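Down below is the structure, laid out as structure tokens.
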Amino acid sequence: MKLKEKVTELSHEEVPLRECYGRVLGVDVESPMDLPPFHRSAVDGYAV
């Protein structure tokens, strides 16, 4: 039996940012612009 056969998709909802504490994202988050605006960063990565 494959894991995919046992997993069910959970419902999701939109909530205001102030009410997001303790929740998980149901979709990917994308930015409308590149940050930093060049192809290299001074650190290994970024955290949100």
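The values are calculated or read from the model by the stated rules, or taken from the named source; none is laboratory data. All values reported here derive from a predicted model rather than from experimental measurement. Cβ coordinates were reconstructed from backbone atoms using ideal geometry, including for glycine residues, and neighbour counts include every protein chain displayed.
For segment 22-42, indicate whether the set of residues that are at pLDDT 90 or above, in a helix (DSSP H, G or I) and not basic (Lys, Arg) is non-empty.
Within segment 22-42, none of the residues are at pLDDT 90 or above, in a helix (DSSP H, G or I) and not basic (Lys, Arg).
Under 6 Å between Cβ atoms, which residue pairs at least 6 apart in sequence (or on different chains) link something in segment 21-33 that is touching a residue at least 60 places away in the same chain (Cβ under 8 Å) with a partner that is of a type outside the set (Gly, Ala, Ser) and loosely packed, with under 10 Cβ neighbours inside 10 Å?
Final answer for the pair search is none.
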